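Only one structure is covered here, and it is reproduced in the block below.
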Amino acid sequence: MGSIGFTFFSPKLYKKPMITGTTMTATTSATTKSNMGFKTLMESFSVDIHKAEGRPLNVPLLAPFTIATSRIDKVENVAIRVELSNGCCGWGESPVLPFVTAEDQEMVLVKSGEVCEVLKKCGGMSLGDVLRHVGQLLPGHGLASVRAGIEMAVIDAVATSIGTPLWRFFGGVSNTITTDITIPIVSPAEASKLASKYYKEGFKTLKLKVGKDLNADIEVLQAIRAAHPHCLFILDANEGYTSSEAIQVLDKLHEMQVTPILFEQPVHRDDWEGLGHVTRVAKTKYGVSVAADESCRSLADVREIAKRQLADVVNIKLAKVGVLGALEIIDFAKASGLDLMIGGMVETRLAMGFSGHLAAGIGGFKFIDLDTPLLLAEDPVFGGYEVSGPTYKFTNARGHGGFLHWDHIA
């Protein structure tokens, strides 16, 4: 049997797939149309990892990517490949972004290599046990990027094994998303040029990096507004403002008759009082929502944000909390009335594709910020989702649907 598509096996009847040649077959006494669900598969699917490895994933950018706290000139991430004993492979990506992720590329390669060696010796374990074991080996925020890459690869391999795309694996709410696109910190002239380009490509929401120079930020906003007069704005300060500066920006925008749809991380990650103050003023005076990004690095952070009403939105990034951590935060945020945003670091279509599948499958994300593959000078990923301007469409290919030519990145 080839790809299972939309048909899911009952977990009670499911047996491990068998590989004959290059075609996956699965033995079962009956099938059902019901969605097995990720949580059910966590305990019902046996994972036996045959091969696991991380390699450098270096990709040039179209232009330097500058935010309030850092600048990068190329992507230096780590790709993870996991192969199960049934022959099915999965792919993941651990992003490395200076001043945001705690790890550099060398550290990610070392840590991922150590965990991959452990997983190859574990024998058959349930998917849940494998992922929990990864969490024990790579605990906390400091190793979240490594953990995320390995979790992605293992989950992708399992989805491939049962013959279903990841967006179905995570719930099947939708198979498309529409992303914003980011304008980094640049001159007003360059910002105007980019805004015109993105207008022609169909992007309706522009995410503008701010926070380095308040007056320069206002000039850039004016230039973008002239070039793309009907665009929606997201402002992302990446911790760059004080609370008073953040409110000044909103005042200036109000004078320009511009109301952003979101103000992301206006103050330092540890300035909880400042974050709450900006959120209250932005909401009551201007009707603008505020998102916590760098301040949202764990479920404990999200609990505090909800309890003290410090933000309206939490930005979920797999590189900050891992896949399992993200799922916990999503459940809690929905129950607490917080709006959801999904974003990423500077990643290729491996990590962005996984995040997109997750957001589309689960549904309920108010803001989608998965644009960085569009900012790369090369695309190392073969297959995967289809891109049409700001719209990503996820196919019925098994798992992630994308892959790397592994030997070319050795």
Return a whole-number percent for the relative contact order of the range 176-409, with Cα pairs under 8 Å and 6 or more residues apart as the contact set.
18
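Hey, what does the equivalent ellipsoid look like for the range 48-164, semi-axes from the Cα gyration tensor as sqrt of 5 times each eigenvalue, largest first, whole Å?
Largest first, the range 48-164 gives 27, 15, 11 Å.
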Spacing of the two label points (7 Å from each Cα toward its C-beta) at Trp406 and Asp379, in nm
2.3
What is the spin-label model distance, in nm, from His254 to His230 if the labels are put 7 Å beyond Cα along the C-beta direction?
2.7
Choice from Leu41, Leu131, Leu262 with maximal GNM fluctuation in the chain (Cα, 10 Å cutoff)
Leu41
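I need the calculated FRET efficiency for the pair Lys366 and Ala335, taking r as the beta carbon distance and R₀ as 22 Å, to the nearest 0.05.
Approximately 0.90, to the nearest 0.05.
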Where in the chain is the longest stretch that carries no chymotrypsin sites (Phe, Trp or Tyr not before Pro) classed as loop by DSSP and with at most 15 other Cβ atoms within 10 Å?
100-410
How large is the dipole of the range 48-164 about the Cα centre if only Lys and Arg carry +1 and Asp and Glu carry -1, each at its Cβ, rounded to the nearest 20 debye?
40
Give me Cys231, Cys88 sorted ascending by neighbouring Cβ count inside 10 Å, so fewest comes first.
Cys231, Cys88
Taking a threshold of 30 Å on the Cα-Cα distance, which of the pairs Lys207/Lys393; Lys121/Lys366; Lys212/Lys393; Lys197/Lys393; Lys51/Lys207; Lys307/Lys393 fall above it?
Lys121/Lys366; Lys212/Lys393; Lys51/Lys207; Lys307/Lys393
In terms of modelled amide H atoms, which long-range or inter-chain residues lie less than 5 Å from the amide H of Leu57?
Asn77, Val78, Ala79
Would you mind estimating how fast the range 159-315 diffuses translationally, via Stokes-Einstein at 37 °C and 0.692 mPa s with the Kirkwood radius over Cα pairs, in µm²/s?
196
Could you work out how far the C-alpha centroid of the range 222-241 sits from that of the range 129-167, in angstrom?
35
Counting just the Cα atoms, what span does the range 176-409 cover along each of its three principal axes? Round to the nearest Å and put the largest first.
51, 42, 28
Measure nothing fancy, just the Cα-based angle from helix 349-362's long axis to the longest principal axis of the chain, in degrees from 0 to 90, nearest 10.
90
In Å and on Cα atoms, what radius of gyration and Dmax does the chain show?
21.3, 68
Using alpha carbons only, how many angstrom separate the centre of the range 39-71 from the centre of the range 316-380?
12
If the only charges are +1 at each Lys and Arg Cβ and -1 at each Asp and Glu Cβ, what is the size of the charge dipole of the range 45-91 around the Cα centre, to the nearest 20 debye?
140
Summing -39500 (n - 2.57) over every DSSP H run of at least 4 residues in the chain and dividing by its residue count gives a helix-only mean residue ellipticity at 222 nm, to the nearest 500 deg cm²/dmol, of -11500 deg cm²/dmol
Looking at the calculated P(r) for the range 276-410, what percent of the C-alpha pair distances fall above 23 Å?
39
Total formal charge among the other residues, if their Cβ is under 9 angstrom from that of Asn77, Lys/Arg +1 and Asp/Glu -1
-3
Using 0.36 nm times the number of residues separating Ile261 and Asp104, minus their current alpha carbon distance, what extension gain do you get?
53.2 nm
Quick check on the exposure proxy: order Met152, Met42 from fewest to most C-beta atoms within 10 angstrom.
Met42, Met152
Based only on other Cβ atoms within 10 Å, what is the fewest-to-most ordering of Asp301, Asp407?
Asp407, Asp301
Could you state the angle between the C-alpha long axis of helix 188-200 and the longest principal axis of the C-alpha atoms of the chain, as a value from 0 to 90 degrees rounded to the nearest 10?
50
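Any read-out appearing in this document is the output of simple, stated calculations on the displayed coordinates, not a laboratory observation. Model, not experiment: these values are computed from the prediction. Positions of Cβ are generated from backbone atoms using ideal geometry, with glycine treated the same way; all protein chains shown enter the neighbour counts.
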